[in-house]
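Okay, so here's the structure we're looking at.
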Amino acid sequence: MQHLEGFARSQAMALFTVVTAAVALPAMGTAAHAEPRHGLSIFGELKYPPDFKHFDYVNPDAPKGGRMSLIGSGGVLSFDSFNNFIRKGDAAQGLEFLHDTLMARAADEPDAAYGLVALSANVAADGMSVIFKLRPEAKFADGSKVTADDVANSFTLLKEKGNPRYSIALRDVERAEVLDAETVRYTFKGSLTRDLPLTVAADLPVLSKAYYTANPFDETSLKTPLGSGPYTISANKPGAFVNYKRRDDYWAKDLPVNRGRFNFDEIRYEYFRDRSIGLENLKAGAFDFREEFTSVDWATAYNIPAITEGRLVKETLPDGSPSGAQGFFVNTRRDKFRDIRLRQALDLAFDFEWSNKKLFYGLYKRTASFFENSEMKAEGQPTPEEIALLEPFKDKLPREVFGTPYLPPVTDGSGNNRDNLKKARDLLTAAGWTIAQEVVDDPNCAMFCSIMTAVGLKSRPSRSIARNAKGEPLTLEILLHEQQFLRIVEPYTSNLKRIGVDASIRV
């Protein structure tokens, strides 16, 4: 589980490293590159030449046909919309198969993309704009031509009415201008423009202006949207499945960026009420692939004949990419959580070693950074180069940023976390919380308590309660999206109550 520290040097150093890199590296479109190119790259020259036939990692002669079925992932139990560009509703998975982008990213380069809807890209010498020339053969699924007007209108819709992830990514993209029916220019502002040509090229879908003139963009709908991509929705049932069918008339199926890809005739996503039901359906052969996130299931639930007989393959795949962060994320917009000592106390109450031993079957390694498994993770004392970057901001940064990075607390895994809990209580006291034993109401104690009272014994239970100077108790609600996490969080809330935190769980 990710540690709860609010501000580690890892975060600070990553921020300043990224900002510095964005300013210091030469922008795409220097004098040598101020001409139309078949692709875009942030980090130097492109791997593939203009006449490349296909990406190296695909089989251009892969057979077409068959069906691949997947389980709806990421905690998604159902869907009520085929619009994944807005915040409203729960969008079905796989909708990215419906829409093309101007360029397609290459999976074997750190950050490069090659022409899809766009035939070429021309980044200005100062990096403040990029012009895309569209392929005249690009078409939507209804046969209508993809035009520069569609591209420009897509930008406007996404930036003004789309999910905030688009407005954030596009905040320094000023406008998209139609130069002619097959040419569009994006203009940027500010100094951090290095990544923007690739952002508008590979991350923004090209949407039909005609379709979204006739249909509201900012509303949920189960009407199949008009796209220009390799698949269309052939069938669906909310809460059960959504089925995508490969388009035989897909205009870009023979382009170099697509050759050898999109080979299945059908791609199907199955939805189940919870992951346990999904696992049983995998065993029954209801779908083909499942990524396992639950350690107890990985350790125990696959001891079945299908595995030993080779009909079901259980495999751990190596992952050299930076790891994501799984953990408890504290709402520091609330005043009580802004004190770093309180957050450190919450961290001390979580016994990772015991949890890993008893709950996770020893399968996990605790992360110590939001940038784990990457060069951006801070380790040891800051280097002179890092100090030079941080020094101008010294009066705005915690002094800990200039020392060794914060590390999560460690226990012996026995479940006896007394030392860390004592440190946690001391931190709460230092943060202004008074901890005392108080009598509490226990609805489960009604009969037992009445018997105890009848024989003259103390009947009402008591526990530690932390209160601030106003007498308000220290409460903490942990929000979960799946029942499976209860077994992990309930031992944690028990520890929190021992240090005076009134912790509760809501699924």
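Brief remarks follow.
- Shape category assigned to the range 100-148 from the gyration tensor of Cα positions, a/c cut at 1.5: oblate
- Solvent exposure of the chain, expressed per residue, is 52 Å² of accessible area, with all protein chains present and a 1.4 angstrom probe.
- A 1.4 Å probe, protein heavy atoms only, puts the accessible area of HIS99 near 20 Å².
- 3J(HN,Hα) from dihedral phi, the range 181-186, Karplus parametrisation 6.51/-1.76/1.60, rounded to Hz, x for glycine, proline: 4, 10, 9, 9, 10, 9
- Cβ-based charge dipole, the chain, positive-most Cα from SER462, TYR250, ALA368: SER462
- For the range 377-387, 3J(HN,Hα) per residue [Karplus equation, 6.51 cos²θ - 1.76 cosθ + 1.60, θ = phi - 60°, Hz, x = Gly/Pro]: 5, 7, 9, x, 5, x, 6, x, 5, 5, 4
- Three-way shape call for the range 291-333 based on the alpha-carbon gyration tensor, with the a/c threshold at 1.5: oblate
- Once backbone amide H atoms are built at 1.01 Å from N, LEU222 has PHE82 as its partners under 5 Å, excluding neighbours fewer than 5 places away on the same chain.
- Residues TRP354, TRP433, sorted by accessible area with the largest first, give TRP354, TRP433 [1.4 Å probe; ligands and nucleic acids excluded].
- Derived scalar couplings between HN and Hα for the range 123-137 equal 8, 4, 4, 8, x, 9, 6, 9, 10, 10, 9, 7, 6, x, 8 Hz in order, rounded to whole Hz, by the Karplus curve 6.51 cos²θ - 1.76 cosθ + 1.60 (θ = phi - 60°), x for Gly and Pro.
- Ordering PRO382, LEU359, PRO398 by the projection of their Cα atoms onto the charge dipole of the range 338-398, which places +1 on the Cβ of Lys and Arg and -1 on the Cβ of Asp and Glu, puts LEU359 at the extreme positive end.
- In this structure, the amide hydrogen of VAL123, modeled 1.01 Å from its nitrogen in the peptide plane, lies closer than 5 angstrom to those of GLU35, ILE131, counting only residues at least 5 positions away or on a different chain.
- Where N is the number of residues in the range 162-257, Cα Rg divided by 2.2 N^0.38 Å: 1.33
- Potential extension, SER462-ASP265 segment - 0.36 nm per residue separation minus Cα distance: 64.6 nm
- Temperature 20 °C, viscosity 1.002 mPa s: under these conditions the Stokes-Einstein estimate for the range 68-202, based on its Kirkwood radius over C-alpha pairs, is 132 µm² per second.
- Centroid-to-centroid, using Cα positions, the range 467-507 and the range 240-292 are 39 Å apart.
- Overall dimensions of the range 299-391 by Cα: Rg and Dmax, Å: 19.6, 61
- Charge dipole (Cα centre; +1 on Lys/Arg Cβ, -1 on Asp/Glu Cβ; no other charges) of the chain amounts to roughly 1420 debye.
- Sulfur and carbon atoms: percent of accessible area, the chain [1.4 Å]: 53
- Peptides 498-504, 197-203 ordered by average Cβ neighbours within 10 Å, highest first: 197-203, 498-504
- Taking a ≥ b ≥ c as the square roots of the eigenvalues of the alpha-carbon gyration tensor, the range 207-276 is classed oblate because a/c is 1.5 or more while a/b is no larger than b/c.
- Antiparallel DSSP beta bridges within the chain, percent to nearest 5: 75
- Under 11 Å, Cβ to Cβ, from PRO205 - net charge with Lys/Arg +1 and Asp/Glu -1: -4
- Here, the chain has an Rg and a Dmax of 27.6, 93 Å when only alpha carbons are counted.
- Label sites at LEU480 and ASP56, each approximated as a point 7 angstrom past Cα along Cα to Cβ, lie 4.6 nm apart.
- Its residues counted as N, the range 129-207 yields a C-alpha radius of gyration over 2.2 N^0.38 Å of 1.07.
- Electrostatic tally near THR183: other residues with Cβ closer than 13 Å to its Cβ, Lys and Arg +1, Asp and Glu -1, net -2.
- Bins of 10 Å, starting at 0 and running to the largest distance - Cα pair percent for the range 210-353: 8, 21, 24, 26, 16, 6, 0
The values are calculated or read from the model by the stated rules, or taken from the named source; none is laboratory data. Not measured: the values here are computed from a predicted model. So basically every Cβ, Gly included, is an ideal-geometry build from the backbone, and we count neighbours across all protein chains shown. These accessible areas exclude ligands, DNA and RNA; they are computed on the full protein's heavy atoms, side chains included. Shrake-Rupley method; radii C 1.70, N 1.55, O 1.52, S 1.80 Å.
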